[in-house]
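Values quoted throughout were computed directly from the atomic coordinates according to the rules given, and no laboratory measurement underlies them. Model, not experiment: these values are computed from the prediction. Backbone-built Cβ (ideal geometry, glycine too); neighbour counts: all protein chains shown.
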Amino acid sequence: MKKYPVGLIGLAVMGQNLARNLASKGFPVMTYNRTTQTAEEFIKAYGHEGLDFCTTLKDFLASLERPRKIILMVKAGAPVDETLNALLPFLEKGDVLIDGGNSNYHDTIRRSQSMPKGIEFVGMGVSGGEEGALRGPSLMPGCNKEAWKVIRPLMQKIAAKDFSGKPCVTHVGPDGAGHYIKMVHNGIEYAVMQMMAEAYDMLKRMYRLPPQRISTIFADYNQGKLKSFLFEIAVPVLSRKDDLKSGYLIDSILDKAGQKGTGRWVALDALEHGAALPTLTEAVYARSLSSFKKERLLLASLYKRTIPKPPIPLNEFIIVLENALYAGMISCYAQGFELIRITAEDQKWKLNFAEIARIWEGGCIIRADLLNFLHEAFLIEKGKPVHLFTIPSIRHALNKDIPSLRAITSVAVQYGVPALAFGTALGYFESMTSAILPAQFIQGLRDFFGAHTYERIDRKGSFHTPWSNLNL
Ligand SMILES: NC(=O)c1ccc[n+]([C@@H]2O[C@H](COP(=O)([O-])OP(=O)(O)OC[C@H]3O[C@@H](n4cnc5c(N)ncnc54)[C@H](OP(=O)(O)O)[C@@H]3O)[C@@H](O)[C@H]2O)c1
């Protein structure tokens, strides 16, 4: 019986496309899916590409070369545990299980730690959506070195390529590190998209530009320092005509943004770690705000806005907005990498920030020229987890573009255009670059009403002041 170098379980869109990607790179794949009909239909359509399926897990396992390499692309959560439990009794020493779904990193740590001796477990973030899975995703595996050695040839072949042609995959770190990095990547994706949406909103509301005109501005941005997958796809999203009536499709799309939960995970994780993640968190809130459509319609009728004349000529505004987006996005990445640094310290993961930026250069949704810039910036620091704002090339870029971020945020405020992402990206920068913050005032208040004590800047120890005789 023919043996397959790799097996894949879970044939929804991601699993199907990843299996086809593997087969196209010279790794025939044996597949299995809980619902057999899905597997039958898949193999009927694509079996000739080097794919096959089994109807039982027993046959599936028997068909794989040893050590077995099994990729799970099933729904995150309980389905992963159920599938692992069904597989584990039949696995042998050296077999490697790779969870390529969007699993919560806490689950991945738990699963790694509870693997029977000799069975390797990899928690692998896969980014790039269905297209990336098929043509080359960004892969973020978390595992031990032995497992990485086994899966490396496969993963390097199917991954996207970075700016220098190297595969967008690296051994991120142990157990949950890969899924953690994927989660933060999703948070950054939320923030970047929110900032782009706010830029669109300003051009629409302040300058009353039609979608087609905004799409040409974004197309121009995509030729410059904002060149990225998201700006590339913004162009067809804005210029697409509506098939069902006259006008642009974008104007007929209901303004309620969905979310699958990874954004919320990042926000909660930042709160748990005491990390400052204002823009990524605000992007999650912005989606929540959008969901209150009925309430917004009512309130919009109660609080009418008058639209003043545009603040500066459009051609000038376009340039300032481009610079503001660039500075704002650097702020988003700084926040994301800081969260990673704090968690890595907590988990005792040794992570290479240059490598993390590098594997996001291709394949994934946030792929952008900016990531190559961040990769090179972190390389100067030998991949160490330093704060992004401290690196000279970043400082140079921010010194140049922060004034634009201030200008755009201030214009949005004057015009009453909500700019949550711009505002928080700027707020993060202003706070992190302030030697003194008004937290001293907060400490004074806390000590007044709750005797919470405070520290002093001029001597060690913990202090309490009997502020007044008021009995609160
Ligand atoms: N869609 C994306 O763009 C994207 C991007 C990156 C990562 N991911 C992650 O990749 C994974 C797969 O995503 P997807 O969108 O292709 O599929 P999905 O809708 O998340 O999951 C469907 C797959 O899981 C299987 N499944 C569900 N419950 C099961 C259970 N209890 N036991 C065994 N199998 C079970 C389904 O089998 P049946 O056919 O029998 O129902 C099907 O194969 C997910 O973790 C997802 O979050 C998705």
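Applying a 10 Å radius around every beta-carbon, put 163-172, 304-313 in order of their mean neighbour count, most first.
Listed from highest to lowest mean packing, they are 163-172, 304-313.
Place a +1 charge on the Cβ of each Lys and Arg in segment 6-179 and a -1 charge on the Cβ of each Asp and Glu, then give the dipole magnitude about the Cα centre in debye, rounded to the nearest 20.
Charge dipole, segment 6-179, about its Cα centre: 460 debye, nearest 20.
Express in nm, to one decimal, how much length is gained between Thr35 and Ile233 on full extension, taking 0.36 nm for each residue of separation and deducting their alpha carbon distance.
Working it through step by step, the gained length comes to 67.9 nm.
How far, in degrees from 0 to 90, does helix 177-207 lean away from the longest principal axis of the Cα atoms of the chain, to the nearest 10?
On a 0 to 90 degree scale, this one is about 50.
Among Val266, Val74, rank each residue by its count of other Cβ atoms within 10 Å, from fewest to most, as a rough exposure measure.
Val74, Val266
Quick one: net charge of Leu370's neighbours, Cβ under 15 Å, K/R +1, D/E -1?
Around Leu370, the charge tally is -3.
Which length gain, in nm to one decimal place, applies between Phe163 and Asn85 when the Cα-Cα distance is subtracted from 0.36 nm times their residue separation?
24.1 nm
Trypsin sites (Lys or Arg not before Pro) within segment 387-472: which are DSSP loop residues with at most 12 other Cβ atoms inside 10 Å?
Answer by residue number: Arg456, Arg459, Lys460.
Quick one: dipole size for the chain, taken about the Cα centre, charges +1 on Lys/Arg Cβ and -1 on Asp/Glu Cβ, in debye to the nearest 20.
That gives a dipole near 220 debye.
Taking all pairs of different Cα atoms in segment 1-115, averaging 1/r and flipping that mean, what Kirkwood radius in angstroms comes out?
For segment 1-115, inverting the mean 1/r across all distinct Cα pairs yields 14.1 Å.
Determine the relative contact order of the chain: mean sequence separation of Cα pairs under 8 Å and six or more apart, normalised by residue count, in whole percent.
13
Over the Cα atoms of segment 285-417, what Rg and Dmax result, in angstrom?
19.0, 55
Among the trypsin sites (Lys or Arg not before Pro) in segment 204-240, which ones are in a DSSP loop with at most 16 other Cβ atoms within 10 Å of the Cβ? Mind listing them?
Filter output for segment 204-240: Arg208, Lys227, Arg240.
Using the eigenvalues of the Cα gyration tensor, what equivalent ellipsoid semi-axes result for segment 1-66 when each is taken as the square root of five times the eigenvalue, whole Å, largest first?
Whole-Å semi-axes of the equivalent ellipsoid: 15, 15, 10.
Considering only the other residues whose Cβ falls under 11 Å of the Cβ of Tyr180, what net charge follows from Lys and Arg at +1 and Asp and Glu at -1?
Charge balance near Tyr180 sits at -2.
What GluC sites (Glu not before Pro) in segment 27-122 are in a loop by DSSP, with at most 11 other Cβ atoms within 10 Å of the Cβ?
Taking segment 27-122 and a limit of 11 other Cβ atoms within 10 Å, the loop GluC sites (Glu not before Pro) found are Glu92.
Per the Cauchy relation, a quarter of the hull surface: what is the mean projected area of the convex hull of the alpha carbons in the chain, in nm²?
28.7
Using a basic spin-label model with each label point 7 Å from the Cα along Cα→Cβ, how many nm lie between Arg264 and Ser462?
Taking the two extended label points, one gets 3.6 nm.
Net charge around Lys93, counting only other residues with Cβ within less than 12 Å of its Cβ (Lys, Arg = +1; Asp, Glu = -1)?
For residues surrounding Lys93, the net value is -1.
Within segment 247-264, whose backbone N sits under 15 Å from a point 7 Å along Cα→Cβ of Arg296?
250-259
Helix 211-221 sits at what angle to the longest principal axis of the chain, using alpha carbons and giving 0 to 90 degrees rounded to 10?
80
Please give the calculated 222 nm ellipticity per residue for the chain, where each DSSP H segment of at least 4 residues contributes -39500 (n - 2.57) and the sum is spread over every residue; nearest 500 deg cm²/dmol?
That calculation yields -17500 deg cm²/dmol at 222 nm.
Under a plain spin-label model, where a point goes 7 Å from the Cα along Cα-to-Cβ, how far apart in nm are Arg135 and Tyr303?
4.2
About the Cα centre of segment 182-432, what is the dipole size in debye to 20, counting +1 per Lys and Arg Cβ and -1 per Asp and Glu Cβ, all else neutral?
Charge dipole of segment 182-432: 580 debye, to the nearest 20.
Rounded to whole Å and ordered largest first, report the semi-axes of the equivalent ellipsoid of segment 182-432 derived from its Cα gyration tensor (root of 5λ).
31, 20, 18
Gap in Å between the Cα centre of segment 107-151 and the Cα centre of segment 413-472?
42
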